[in-house]
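Colleague: What follows is a structure written as structure tokens; I'll ask about it next.
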Amino acid sequence: MEKPFWETVPLEEMTQQQWESLCDGCAKCCLLKLEDEDTLEIAYTDVACRQLDIGNCRCMNYAERSRLVPDCVTLTPKKIPDLAWMPKTCAYRRISEGKGLAWWHPLVSGSADTVHEAGISARGRVISERKAGDLEDHIVDWPEEDFS
């Protein structure tokens, strides 16, 4: 039996389709984060980017996201190792670190719903930045939980 592409193709050699399919749809990377200026520690919030459809955990304007939200980070294979704020559950981070995909990842499970069913995603846990107010009132720990 042939191994799946994510086990044989390095991130930097993946096609655009392969790269995009690694996104599990958790939306954790779309959460606003706070960085302590002194310690450089990252604090996650339960506040989602204004472009995130919080019901389905997908960007409402994916193709235009960088223009609409100038500080939106476009992920590339070269950037992944330097993005310490990427959640431990993120497929891009896991592959970059030499780990496999978790059982709940859609490419493994065959269903886009398992990421939500496993409690990995932001679905049902976030509010839009348009409604949030002060970010410091929204600091949470759950984005760093790793259930894989």
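Colleague: Report every pair of residues separated by at least 6 positions or lying on different chains whose Cβ atoms are under 7 Å apart, first residue within region 61-72 and farther than 10 Å from Gln51 by Cα and free of Cβ contacts under 8 Å to residues at least 12 places away in the same chain, second among the polar types (S, T, N, Q) and surrounded by fewer than 13 Cβ atoms within 10 Å (Cβ to Cβ).
Modeller: Correct list of pairs: Ser66/Thr74.
Colleague: Okay, moving on. On the basis of being exposed (fewer than 15 other Cβ atoms within 10 Å of the Cβ) and assigned to a loop (DSSP other than H, G, I, E, B), does Ser111 make the cut?
Modeller: yes
Colleague: Out of all the residues in region 1-30, which are more than 19 Å from Ala122 (Cβ to Cβ) and either assigned to a helix (DSSP H, G or I) or in contact with a strand residue (DSSP E or B) (Cβ under 9 Å, 6 or more places away or on another chain) (or both)?
Modeller: Correct list: Phe5, Trp6, Glu7, Thr8, Leu11, Glu12, Glu13, Gln16, Gln17, Gln18, Trp19, Ser21.
Colleague: Of the residues that sit in region 114-141 and are part of a helix (DSSP H, G or I) and in contact with a strand residue (DSSP E or B) (Cβ under 8 Å, 6 or more places away or on another chain), which one is surrounded by the fewest Cβ atoms within 10 Å (Cβ to Cβ)?
Modeller: Taking region 114-141 and keeping what is part of a helix (DSSP H, G or I), we get 114-117, 129-132, 135-138.
Filter once more, keeping what is in contact with a strand residue (DSSP E or B) (Cβ under 8 Å, 6 or more places away or on another chain): 129, 132, 135-136, 138.
Working: Glu129: 20, Ala132: 17, Leu135: 15, Glu136: 9, His138: 19.
The selected residue is Glu136.
Colleague: Right, something else. Return the total of residues in region 78-108 being of a type in the set (A, V, I, L, M), farther than 14 Å from Glu7 by Cα and surrounded by 14 or more Cβ atoms within 10 Å (Cβ to Cβ).
Modeller: Looking only at that region, the number is 3.
Any read-out appearing in this document is the output of simple, stated calculations on the displayed coordinates, not a laboratory observation. From a predicted model like this one, the values you see are computed outputs, not experimental measurements. Don't worry about glycine lacking a Cβ; one is built from the backbone with ideal geometry, like all the others, and counts go over all protein chains shown.
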